[in-house]
Each structure stands twice: as C-alpha cells, then as structure tokens.
Amino acid sequence: MIRTSLIRAFTQFRLLSIILLLLPVIILLLAFLSFSPAIASDPDKELSDILSSAESLFKTMRARDYPGIWDVMTSASQRTILDEAGKAIARSGGKEIPVDELRKDFEDGGPIARGYWSGFLAQFNPDIALEQSRWERGKIAGDRAEILITYKTAEKPALLKLFRENGRWKAGLVETFWGRK
C-alpha cells in the first residue's frame, strides 16, 4: 500500500514536472501564433478593404475624378493605358510624349487623362456596377482577389480582379476588362 502510494506520488510528481517544463514552451508558442500576421489577420477587414477598393474605382469614375481613378488602378493597368494613350497620340499625328510626362498627366488629371477617361466613360457607365448590380465575394488568395459583379439582368457575373500592391488593394481594370474589348 505504501509502495503503491509512493509510485502514484512519484508518477504525479513526474507528470507535474513535465508540465512545468513544457509550460513556457506552450506559452511562447501561443504568443507567437496570436501575433503572427498570417494567422491573426482579420478576414472581415481584408474583405472590407477589397470591397472598398473595388467600389472606389467605380465611384471615382462616376465623379470623373481622374487622379482618383488612376490612384486605385494597378501598375499593370496604368502601364497599358499609358502605352495605349501614347500610341493613339502618335497615330493622330501628334508629337510623341515621353512616358514620364504622360504618367504625370494621368496622375494630375491633365488634358490627356481627361480626354482618355471621357472617351472611356462615354462607353462605360459606372452606375451599372454601383447601383444596378449585385456584388459577391470571389476567390481571395494571397495578393489576389476577385469580386463577382452581376448586373440585374445578366446571367453571368463580371469578375473584377484586384491585386495587393505595396499593402493596398488596387483594381485591375485592364486585367479584368481589356480581354473583352
């Protein structure tokens, strides 16, 4: 009986000593996991940021805020638009404009940007996306996201692609719609 009690006490002591040895490791592991950005990120905030960026694209278009449109677009979209605008100016017999000057014009909402976006918005009504369509979450993985935008009478949604650049979600206007031109 004394022997059984001693064995039980020794076993409990060993178990307690193991727990006490592992406790700091468990606490450190839990602290690391709770502060890890990948695990601690708030998926609701992420979705909210994505939706906000997508909505900003269409709101800046509706307001004809040309610098705002430029700011919410991906760098790939910006490069394509600069290339298109430069080629259009050359085809019309205009003077070749250095890309840096063209970029500055689009950033500032200058005369070339106004002409470009006026032509674009004559063909595209942003209110269709903002007021007459249903928005749904698409795939979100890493630095890429998709928003499904379904016009009230459409059978299939448009898939707006967004990309995280320098910590901000940007709308891939060209990446989304230029294939449909």
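The values are calculated or read from the model by the stated rules, or taken from the named source; none is laboratory data. Note that the coordinates shown come from a computational prediction; the quantities given were computed from them, not determined experimentally. Cβ sites come from the backbone with ideal geometry, for glycine too, and all protein chains shown count toward neighbours.
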Those residues of segment 147-181 that are assigned to a strand (DSSP E or B), surrounded by fewer than 16 Cβ atoms within 10 Å (Cβ to Cβ) and touching a residue at least 24 places away in the same chain (Cβ under 8 Å) come to a total of 2
*asked:* Considering only segment 90-104, I want to know if a residue exists there that is in contact with a helix residue (DSSP H, G or I) (Cβ under 9 Å, 6 or more places away or on another chain), within 19 Å of Phe177 (Cβ to Cβ) and buried (at least 18 other Cβ atoms within 10 Å of the Cβ).
replied: no
Within segment 101-125, residues farther than 17 Å from Val72 by Cβ and of a type in the set (Asp, Glu) come out as Glu101, Asp105
Among helices (runs of 4 or more DSSP H) entirely within segment 43-130, at least 2 residues that are under 20 Å from Ala158 (Cβ atoms) and under 18 Å from the mean Cα position of the chain (by Cα) occur in 43-62, 66-72, 75-91
Within segment 126-146, of all residues that are in contact (Cβ under 8 Å) with a residue 60 or more places away in the chain and hydrophobic (A, V, I, L, M, F, W, C), the one nearest to Met73 (Cα to Cα) is Ala145
Only one of Arg91, Arg137 is more than 23 Å from Phe163 (Cα to Cα) and of a type outside the set (Gly, Ala, Ser), namely Arg91
The condition from (1) in contact with a Pro (Cβ under 7 Å, 6 or more places away or on another chain); (2) surrounded by fewer than 18 Cβ atoms within 10 Å (Cβ to Cβ) that Gly115 misses is numbered (1)
* Asked: Would you call Lys170 among the charged types (D, E, K, R), in contact with a helix residue (DSSP H, G or I) (Cβ under 7 Å, 6 or more places away or on another chain) and at pLDDT 95 or above?
  -> yes
